[in-house]
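Report on one structure; see the data block that follows.
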Amino acid sequence: MGITAASLHDASQRLLHQLVDYFEVDVSFLRRNDHDLGATILVAEWPPRQEDPADDPLAVVHFATADPTFAALATLSSVLVVRPSPESDEYQERIRQASGIPAVSLATVPLRDHEITTGTLGFVKYGDRAWATEEINALRAVAALLAQLQARVRAEERLRHMAYHDELTGLATRRALTDHLAERLTADAPGPVPLIVIDVDRLKALNSFLGYAAGDRFLATLADRLRSVSPPDHVLGRLGGDEFVAIMGGRGGHPPTVEDALAYAETLRRAAGEPIQVGGEEICRAVSIGLAFGDPGGTVSELMNQADQAMLQAKSHGGNEVVVFTDEMRRQNELRTDVELHLVTAVRNGDLLLHYQPEIDLLTGTITAVEALVRWPHPTLGLLPPGVFIDVVETTNLAGELGRWVLRTGCRQLRAWHALDPDGPPLGLSVNVTPAELITRDFASTVAGILTDTDLDGRHLTLEITETAIVRDTRQALSTLRDLKDIGVKVAIDDFGTGYSSLAQLKALPVDGLKIDRGFVHSLGQDAGDLAIVRAIVALADSFGLAVVAEGVETELAARTLVDLGCTRAQGYLYAKPCGAAELETMLAMQRFAGR
């Protein structure tokens, strides 16, 4: 497991312990500089002082009022050695107050990030002692490694903060809400857990009349208002756009009752309906609220879906209403059971179809690749997308069987398209891989066999994996990914930004690209949080030398914003919906004709 901000102190203390033991010095310490605070802050020390003073003079030392030794740490660029002398009396006095040691000898080196001193690493010997060259060299070497580690941790924390905090409102993001709900729904947790989904009615009209900046100010003010009427143990979040979520806590360990939840939902509804001043205008917008109750042992997705269904019911009634999820709504969910009953037969009888969605070069408008997407012509429900049945595929152990069919069918079709235009740039094919397939030991050899059977070069195939697939069994997943690289197949992380990849994991993974989740792209150019996240992902991909593709592009504004950010490959309904092979072949033919 990589070092994080949470584990940095313990890891640093273990390192300092080893340095003290190896070099036989009396104390080793690590400090960081907070230039906004104007201070140097103690991160870790070894050995730890047994009884720190209540107001530890070494914990936080402000540069402006510090003695010359501590003041020098703000911009330290080389080794600093201090021994007992009249010039170091103030420093020696501070050490004596903190530790009781009357005099010490100090050697410290800076941790640097470009031209900025981010911290210091030091050795201390009691009394007036000289420093050996090997001790100074060791400090320099370890400080350089620590500086790199701290830079990586800071970058990871910045991305984590963006992932967990909505930039516009400061509320929890979808990912943060999902994590919190998962914890609340564990089998031994108290319940039920009331979940409230809040959707602003007719916000689009406000955006059209006053502009999106005014809409953002309205949402930020609304978030503050919802926060002001919510108890501190409740969790508020923003799912995106004009949709908010409230998760009720349990005061004194007692879960909220139905009456408590209804009363709180009504409080939110009334608070949201009060006028808000935006751009000199007094704006009133009602909200539609859905309320559902999750029992311990239930799933986050089920509870979110129930609350969302209730909210949509409230909106269909004209809005400004609270609706509780009911048994009738539950019966609608039972349609999933129908899907499960028929899916196994459909897979094994070959009743599924492949549709293809083009991936577009935003600079030239040409189709560079296609993503293969499975469809199911259900006997009564019509053509179903994979989102309706993919969970059933995984729970019924059909992932491998379906995956082999999709891969073989897609590769065979791609080879046929290559044959139609042998002199043109070869089209690429992307195929989604389930977590179950990725951790299958013979998956890479299965892919190699399909490539051989279809006479397709592996460099034209990209397999898309999710971040959660890597987390499930990291060791086997890494082994599979390396084997895929050996046969020339490319790998991309799908829905990037919604899972749990750390920078350390991303650096270690043998992948070629990232696909930005459509949730960050749908409102790109309108949502400041999405813009910040996509900018960070594009920069991250560039720093690791990875290709980046945006999913879910539906507006020209989103497309232009992507190009401005440096992402030039995308797919979405703005360009084409997933379609059958014949329809896509027509699109490819028109592209070849236009190029002549």
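The values are calculated or read from the model by the stated rules, or taken from the named source; none is laboratory data. Because the structure is a prediction, the values reported are computed rather than measured. Here Cβ is always computed from backbone atoms with ideal geometry, including for glycine, and neighbour counts include all displayed protein chains. SASA here: full protein model, heavy atoms, side chains in, ligands and nucleic acids out. Shrake-Rupley method; radii C 1.70, N 1.55, O 1.52, S 1.80 Å.
The antiparallel fraction among DSSP beta bridges confined to the chain stands at about 70%.
Backbone geometry of the range 401-409 corresponds, through the Karplus equation with coefficients 6.51, -1.76 and 1.60 at θ = phi - 60°, to 3J(HN,Hα) couplings of 5, 5, x, 5, 5, 4, 5, 5, 5 Hz, x marking Gly and Pro. How much FRET efficiency would the formula 1/(1 + (r/R0)^6) give for Thr366 and His9, where r is the Cβ-Cβ distance and R0 is 41 Å, rounded to 0.05? Efficiency for this residue pair is about 0.20. Once you keep just the Cα pairs under 8 angstrom separated by 6 or more residues, what percentage relative contact order results for the range 57-145? Over the range 57-145, the number comes to 25 percent.
In degrees, nearest 10, range 0 to 90: what is the angle between the Cα axis of helix 174-184 and the longest Cα principal axis of the chain? Approximately 80 degrees, to the nearest ten. Cross-link reach is defined here as a Cα-Cα straight distance under 27 Å, omitting same-chain residues fewer than 8 places apart; for Lys507 the lysines meeting it are Lys485, Lys490, Lys515.
Computed from phi, the 3J(HN,Hα) profile of the range 314-322 under the Karplus parametrisation 6.51, -1.76, 1.60 (θ = phi - 60°) reads 5, 5, 5, 7, x, x, 6, 8, 10 Hz, with x in place of Gly and Pro. Using Cα atoms only, what is the angle between the long axis of helix 89-99 and the major principal axis of the chain, expressed in degrees (0 to 90) to the nearest 10? Tilt relative to the chain: about 70 degrees. Computed over protein heavy atoms with a 1.4 Å probe, the accessible surface of the chain works out to 48 Å² per residue. Taking a sphere under 10 Å around the Cβ of Thr368 and counting the other residues whose Cβ falls inside, with K and R at +1 and D and E at -1, yields a net charge of -1.
Note down the accessible area of Phe209, probe 1.4 Å, to the nearest 10 Å². Counting only protein heavy atoms, Phe209 exposes about 150 Å² to solvent. Could you tell me the center-to-center distance, by alpha carbons, between the range 126-153 and the range 300-348 in angstrom? Going from one Cα centre to the other spans 60 Å. When the solvent-accessible area of the range 115-271 is split by element, carbon and sulfur atoms take up 56 percent of it, the probe being 1.4 Å. Computing Cα extents along the principal axes in Å for the structure here picks out one of (1) 117, 61, 51; (2) 90, 63, 49; (3) 109, 68, 53, namely (2). With every protein chain in place and a 1.4 angstrom probe, the accessible-area ranking of Ser85, Ser208, Ser78, Ser288, largest first, reads Ser208, Ser78, Ser85, Ser288.
Under 5 Å from the amide H of Ala39 lie the amide H atoms of Asp34, Phe63, each residue being 5 or more positions distant or on a separate chain, with H modelled from the backbone and absent for Pro and chain starts. Karplus-based coupling profile of the range 411-424, in residue order and whole Hz: 5, 4, 5, 4, 4, 5, 5, 4, 5, 6, 9, x, 8, x, with θ = phi - 60° in 6.51 cos²θ - 1.76 cosθ + 1.60 and x standing for Gly or Pro. Sorting Trp417, Trp405 on solvent-accessible area from highest to lowest, probe radius 1.4 Å, gives Trp405, Trp417.
Helix 335-348 and the longest principal axis of the C-alpha atoms of the chain enclose an angle of approximately 80°.
Taking the Cβ of Ile493 as the centre, find all other residues whose Cβ is under 13 Å away and add up their charges (Lys, Arg: +1; Asp, Glu: -1). Around Ile493, the charge tally is -4. Taking every protein chain into account, the 1.4 Å probe leaves Arg112 with about 80 Å² of accessible area, to the nearest ten. Per-peptide packing, taken as the mean over residues of other Cβ atoms within 10 Å, places 114-121, 390-397 in the sequence 114-121, 390-397 from highest down. A simple spin-label model places the labels of Glu340 and Asp442 2.9 nm from each other, with each point 7 Å out along Cα-to-Cβ. The alpha carbon convex hull volume per residue for the range 437-596 rounds to 136 Å³. Per residue, the average separation of C-alpha pairs within less than 8 Å and at least 6 apart gives the chain a relative contact order of 8 percent. Based on C-alpha pairs under 8 angstrom that are at least 6 apart in sequence, the range 206-334 has a relative contact order of 18 percent.
Taking every DSSP helix (H) stretch of at least 4 residues in the chain, weighting each as -39,500 (n - 2.57) and dividing the sum by the residue count yields a mean residue ellipticity at 222 nm of -14000 deg cm²/dmol. Accessible area per residue (1.4 Å probe, heavy atoms of protein chains only) ranks Lys507, Lys490 as Lys507, Lys490, with the largest value leading.
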